[in-house]
Amino acid sequence: MGKYLDLLKEDIRFTEGLTACMNCGMCTAVCPSAGFYDYDPRQIMDTVQNGSDRAIEELLSGEQIWYCGECMSCRPRCPRANTPGYVIQALRTLSQKTGMFVRSEKGRQQLALKRTIGQNILDLGYCIHPTRIDPELHPEQGPVWRWVYDNVKDVFDRFDMGYDTDGSGAMRRIDEESLDEIRRIFDRTGGTAFFERIEECSAEEAARRGMAEEVDGKPRATDEYLNEVYTVDSGGHTL
């Protein structure tokens, strides 16, 4: 077996997700993403089951593994109890660990996820926070969101959500003690190191494109690079 298959087998999602694929194609037939993207979970299962390093590296470097919506429609329909969605998750993690994610347009968006959702959790205790949804990066939200973004406190105060207060409410301020606990959890579980790996590989790719800067003695992808991976779509992903 190849080295990449051996690495995948270290991920419990892979061992739980691939038992004995018979390549029937049921997963592709029920997959919502397969109806829109150039994406075929059956092919991916066949590729990893064959164990070819070259073929698995193409998956780790390519676009396909980033098209899965992780809805797990494939799980209950497989006649052999496979879960292609789990296998996709394991492939994504290996792509991130090896740095191959920067080779594909959709893969490079991992930096955007890290600096938005990931950083939101560490800084504010929320995955999504209205002050971090920049209208410039989310034109699909339209002009109404621009108004909400510019008047966020007034808007949320009307809903009595405890916006940015130390009391109760869905939009309350998370206290520093709780944030410190979240950060310790990330440290202990490897999440912090994982985020650092995303930054490190992204900085290397950004430097290759002339979009890196030095911060605290280390290269870092600039906001220009972040905005590019967040907003640019070269097309060709959908059917």
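The values are calculated or read from the model by the stated rules, or taken from the named source; none is laboratory data. Note that the structure is a prediction, hence the values are computed from the model and not measured. No Cβ is skipped: glycine too gets one built from the backbone with ideal geometry, and neighbour counts run over all protein chains shown. Areas reflect the complete protein model, heavy atoms only, side chains present, ligands, DNA and RNA absent. Shrake-Rupley method; radii C 1.70, N 1.55, O 1.52, S 1.80 Å.
List of remarks:
- Highest-first arrangement of 109-115, 159-165, where packing means the average Cβ count within 10 Å: 109-115, 159-165
- Paired Rg and Dmax values of the chain, which use every Cα atom, in angstrom: 20.3, 61
- Built from the Cα atoms of segment 53-177, the convex hull projects on average onto 11.3 nm², one quarter of its surface area.
- Projected-area mean, segment 143-239, by convex hull of Cα positions, square nanometres: 10.7
- Heavy-atom accessible area ranking, 1.4 Å probe, most first, across S52, S168: S168, S52
- Per-residue surface analysis assigns Y37 an accessible area of about 70 Å², computed on protein heavy atoms at 1.4 Å probe radius.
- Label zone (T165, point 7 Å along Cα-to-C-beta; backbone nitrogen cut-off 17 Å) within segment 119-152: 152.
- Surface composition of the chain: carbon and sulfur atoms hold 49% of the protein heavy-atom accessible area at a 1.4 Å probe.
- Taking 0.36 nm per residue of sequence separation and removing the Cα-Cα distance, the D53/R77 pair yields an extension gain of 5.8 nm.
- Cα-only radius of gyration and Dmax that characterise segment 38-78, units Å: 10.9, 30
- Each of the peptides 212-223, 116-127, 178-189 was scored by the mean count of other Cβ atoms within 10 Å over its residues; in descending order, highest first, they stand as 116-127, 212-223, 178-189.
- Accessible surface for the chain, divided over its residues, is 56 Å² per residue with a 1.4 Å probe.
- Measuring between their Cα centroids, segment 24-45 and segment 178-202 lie 33 Å from each other.
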